[in-house]
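The values are calculated or read from the model by the stated rules, or taken from the named source; none is laboratory data. All values reported here derive from a predicted model rather than from experimental measurement. Don't worry about glycine lacking a Cβ; one is built from the backbone with ideal geometry, like all the others, and counts go over all protein chains shown. Just so you know, the surface numbers come from the protein's heavy atoms only, side chains and all, with ligands and any DNA or RNA stripped out. Shrake-Rupley method; radii C 1.70, N 1.55, O 1.52, S 1.80 Å.
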Amino acid sequence: MNIQTVHNNTYSYLRQTNEIVPGVVEDNSYAWTFAPYGEFSSMPEVAMFIIALTEQCNLRCTYCCYSGEYIGNHRHNAHSLLAGDIEKIYSFIKRMAANKPIRICFYGGEPLTKFALIQHAVNRGREEWGDKASFSVSTNGTLLNEDSMTWLVDNSVEIAMTVDGTERFHDRYRIDKKGEGSFRKVHKTLNYLHNHTFQKVPNIVLLMTLSSISDLEAIAKEWQEDDLLRNYPPTHISGLTPNFAKGVAEESWEEFRNLYIHLIDTYQHHPNWVVLQTFFDELIEIWKNRPVFKIEGDMPLATCMPVNTKLYIDAHLQIAVCEKFNDRFRIGNIEQGIDWNKANKLAKEYYKKREKRCAFCPAVRMCNQCLTAIEYTDEQWNVLCKNERIAHRLGMFVFCEMAERGMLTPPSVPELTTARCILNEVTEDDIPVLKSIFTDVTTQRFLPDLCEIAKTDEGIRNILHSFSLYLKMKEGVLWGIRHGGELIGFVATMDLSFYPTIFFAMHHEHRNQGMMIESVKIATQYIIESNFCTELHSEVNVDNITSQRVLNTCGYVICTEDDRKIIFEYKI
């Protein structure tokens, strides 16, 4: 497999070693040999359990695998689990996962149609496993209200919500029973989560289904123009599940190569567009992290089982390997457990198909084809395999093209030096000092919102993670202020593209020595001279005389003020 970049440089992929080398190198003669299939009677790695609480849903998304358009899958209906079923499921989980930490994910249909059942399941789970269990809910976001959002956040339940782009794209497919779009309800939900203070920080995952790659640029642009969405990069972007009942087309290498070149050009000009960041990060991750070593002898052929880490339990208490499986392929039920004969029969059939097809495939070491493909015919596999090879060739092309353009090097916090201090990256090793800063009475008085988030080590980690995203998006920088090698405070800038803001805090033992003035001055100078923005603002409590003096000394002037706060502004 080889590609040619825009600058006419050619690279080849060597499947036996997983290397990418310059020039055209053919290795078509190498054939994989696979280790013999091994029977199994346990799944020792399973620690995630996806529970379909209901087959009921308030939306009728046109691409949904439960829309009635997918052969072998049920349609949305009113069937749901009962509270007693949760006890049976948890008994099965205890047998499967022993004493391991577990993750329980609530699925549907739309699980929020059964919110009381979610509350019951979480409460029972906490009683059973305590902190060894974590929970999430996969939702379309339209049924969340203030009470349910507050309960989920305060009980540390992750909210995984689907947002398929901005309104005109989302509402093209994600409609209710009347055919009306759902975007505005989802946007309202996300806005509430964004603007309200909870006992704990909301753990939000945004999932995007991309119906057509040709929509990606417009989605990315409009997402960035939305004052709310720009703060939330989609966590994962996926394509549609193949539906051979409607036909699955064979993809064109040249057509997609040209489209991807255009998308790379766009991303290079707009590196802060968070949708493109997620898309390209996911696309090249497998290439950046691939292990480079030579295969000698037989190669194991992954079949999901028995190395799978999750199981799916449907609303009829039947078990599948994961939530993507067609309803026809179940491998047991929660009362009798896994039917190992069924599980082995399924895995062996898949193994035989792969063994026959994959011997000379250039994409076999990174193939995304999984056990769910067992439902397809040989002719359908031919289409899937061709598209999979094109997808990996495109991934290799994007990886090489971005590498040539210098787009793969992650941004780093610039190191700045003052007369007495060094400003550089803040890491998790700094959490103990940060905690002492955030628990200081003065810091809590003048930075209450930030201190609320930073109550725990996990909260501080969330702050550091947020600033790593801001840095990547060129939306902000968090500097640690160090004196004599010791962290003594921080200065941070954020929202640089729409309301550039600077804020800062110092450990109480190092205040009133002029080191914060040095740090704010050099940070301001760096942000302005690097053309991140042409102005900076800082909101200061009227009683915070020390910060007002720092800003005045650094060239900031009062923009507006009232009886609570003063807005300072720095302009070139």
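When residue 488 is tested against (1) touching a residue at least 12 places away in the same chain (Cβ under 8 Å); (2) out of contact with any His (no Cβ under 6 Å at 6 or more places or on another chain); (3) under 19 Å from residue 415 (Cβ atoms); (4) of a type outside the set (Lys, Arg), exactly one condition is not met: (2).
In region 433-488, the qualifying residues are those that are part of a helix (DSSP H, G or I) and among the acidic types (Asp, Glu), and the one that is surrounded by the most Cβ atoms within 10 Å (Cβ to Cβ) is 452.
Reported count of residues in region 261-273, each being more than 11 Å from residue 402 (Cα to Cα), out of contact with any Leu (no Cβ under 8 Å at 6 or more places or on another chain) and in a helix (DSSP H, G or I), is 2.
Restricting attention to region 544-570, the residues being part of a loop (DSSP other than H, G, I, E, B) and either surrounded by 14 or more Cβ atoms within 10 Å (Cβ to Cβ) or at pLDDT 95 or above (or both) number 4. Count of region 319-346 residues, restricted to those that are closer than 20 Å to residue 44 by Cα and either within 29 Å of the chain's Cα centre (by Cα) or part of a loop (DSSP other than H, G, I, E, B) (or both), is 11. Do the conditions hold for residue 97, that is, is it modelled with pLDDT under 95 and open to solvent by less than 10 Å² (accessible area, probe 1.4 Å)? Taking the combined requirement at face value, the residue satisfies it. Within region 378-390, restricting attention to residues that are open to solvent by 30 Å² or more (accessible area, probe 1.4 Å) and in contact (Cβ under 8 Å) with a residue 60 or more places away in the chain, which residue is nearest to the chain's Cα centre (by Cα)? Applying the filter and picking the extreme gives 389. Looking at region 176-183, is at least one residue modelled with pLDDT of 95 or more, at negative phi and assigned to a helix (DSSP H, G or I)? Among the residues of region 176-183, at least one is modelled with pLDDT of 95 or more, at negative phi and assigned to a helix (DSSP H, G or I), which makes the answer yes. Considering the conditions (1) in contact (Cβ under 8 Å) with a residue 24 or more places away in the chain; (2) assigned to a loop (DSSP other than H, G, I, E, B); (3) over 24 Å from residue 216 (Cβ atoms), residue 141 is excluded by exactly one of them, (3). Selection of region 226-270 for residues being in contact (Cβ under 8 Å) with a residue 24 or more places away in the chain and either of a type in the set (Asp, Glu) or in contact with a Pro (Cβ under 9 Å, 6 or more places away or on another chain) (or both) yields 226, 227, 248, 250, 251.
Selection of region 274-302 for residues being touching a residue at least 40 places away in the same chain (Cβ under 8 Å) and in a loop (DSSP other than H, G, I, E, B) yields 290, 291, 292, 293, 294, 295, 297, 298, 300, 301.
Of the set (1) within 30 Å of residue 267 (Cα to Cα); (2) in contact with a strand residue (DSSP E or B) (Cβ under 9 Å, 6 or more places away or on another chain); (3) of a type outside the set (S, T, N, Q), all apply to residue 529 but (2).
Any chance region 231-242 includes a residue that's assigned to a helix (DSSP H, G or I) and within 29 Å of residue 468 (Cα to Cα)? Yes, region 231-242 contains at least one residue that is assigned to a helix (DSSP H, G or I) and within 29 Å of residue 468 (Cα to Cα). If you go through region 525-543 and keep only what is in a loop (DSSP other than H, G, I, E, B) and surrounded by 13 or more Cβ atoms within 10 Å (Cβ to Cβ), you end up with 532, 533. Do we have residue 422 as open to solvent by 20 Å² or more (accessible area, probe 1.4 Å), of a type in the set (A, V, I, L, M) and either out of contact with any helix residue (DSSP H, G or I) (no Cβ under 7 Å at 6 or more places or on another chain) or closer than 30 Å to residue 243 by Cα (or both) here? Yes: the conditions hold for residue 422.
The residues listed here are 329, 360, 325; of these, the one that is at negative phi and open to solvent by less than 30 Å² (accessible area, probe 1.4 Å) is 325. When residues of region 484-513 are filtered for being at negative phi and out of contact with any strand residue (DSSP E or B) (no Cβ under 8 Å at 6 or more places or on another chain), how many remain? The total comes to 7. In summary, strands (runs of 3 or more DSSP E) completely within region 1-88 and bearing 3 or more residues that are open to solvent by less than 40 Å² (accessible area, probe 1.4 Å) occur at 10-14, 48-52.
Do the conditions hold for residue 130, that is, is it small (Gly, Ala, Ser) and either modelled with pLDDT of 95 or more or farther than 29 Å from residue 61 by Cβ (or both)? Answer is yes for this residue. For region 184-208, a residue qualifies if it is open to solvent by less than 30 Å² (accessible area, probe 1.4 Å) and part of a strand (DSSP E or B), and the qualifying residues are 205, 206, 208. Among the residues of region 138-181, write down those that are aliphatic (A, V, I, L, M) and open to solvent by less than 50 Å² (accessible area, probe 1.4 Å). Result: 144, 149, 152, 153, 157, 159, 160, 161, 163, 175.
Looking at the structure I just gave you, is residue 365 in contact with a Leu (Cβ under 6 Å, 6 or more places away or on another chain), assigned to a helix (DSSP H, G or I) and closer than 21 Å to residue 391 by Cα? Taking the combined requirement at face value, the residue does not satisfy it.
When restricted to residues that are among the aromatic types (Phe, Trp, Tyr) and either surrounded by 16 or more Cβ atoms within 10 Å (Cβ to Cβ) or under 17 Å from residue 422 (Cα atoms) (or both), region 492-524 contains 2.
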